[in-house]
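Comments concern the structure below.
Every number here is computed from the coordinates shown, using simple stated rules; none is lab data. Model, not experiment: these values are computed from the prediction. Glycine gets a Cβ as well: all are built from the backbone with ideal geometry, and neighbour counts include every protein chain shown.
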Amino acid sequence: MDKGGGGVDRDEALRRMTQLMLQGAVMLEQTCPLDGLPLFRLRSGEIVCPVHGRVMIVSDESEAREAEIEGIISMAQYVAAQKVKESLDEGDPKRVKEWLDVIESVERIKSLRRRSAEGVDKEGERGGRGKA
Ligand SMILES: [Zn+2]
């Protein structure tokens, strides 16, 4: 089905898609909102449309929210670290432990978030994993 395409040459689009795959990009289920072509995730993690180049599939709002979450997580860690220092100065081992627990939780959340972001990439790159 041809949607009209807005002057997009199908052969050219196919050629670029092939090129992207040769570069190790992974075809995604999401499509470009402008032309309906499948989007690709580059090894660098960028999401691109073969015709339009870089495309943000996430809305600006959710991107901003994501950045805010990152900021809050880092802030929690920073504050907790300061509290650890305060508690040490006060000689209160119980509080030290409490705040260290907070830092530990933050670290865990951070690495979980990192892993889930990377996990998507690796699944596509390795292709026939479970078979080995
Ligand atoms: Zn596009």
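Under 5 Å between amide hydrogens, built in the peptide plane, is the criterion, and for Q30 it picks out L39 among residues at least 5 positions away or on other chains. For V55, the residues whose modelled amide H falls within less than 5 Å of its own, excluding neighbours fewer than 5 places apart on the same chain, are I47, V48, C49. A simple spin-label model places pseudo-atoms 7 Å from Cα toward Cβ; at K94 and E29 they are separated by 5.0 nm. Segment H52..K85, full-extension length gain: 6.8 nm, with 0.36 nm per residue of separation and the alpha-carbon distance subtracted.
Label-to-label distance, L14 versus S116, with points set 7 angstrom from Cα along the beta-carbon direction: 3.9 nm. In order along region 75-82, the Karplus-derived 3J(HN,Hα) couplings, from 6.51 cos²θ - 1.76 cosθ + 1.60 at θ = phi - 60°, round to 5, 4, 5, 5, 4, 4, 4, 5 Hz, and Gly and Pro are given as x. Rg/Rh for region 8-54 (Cα atoms only, Rh after Kirkwood) is 0.92.
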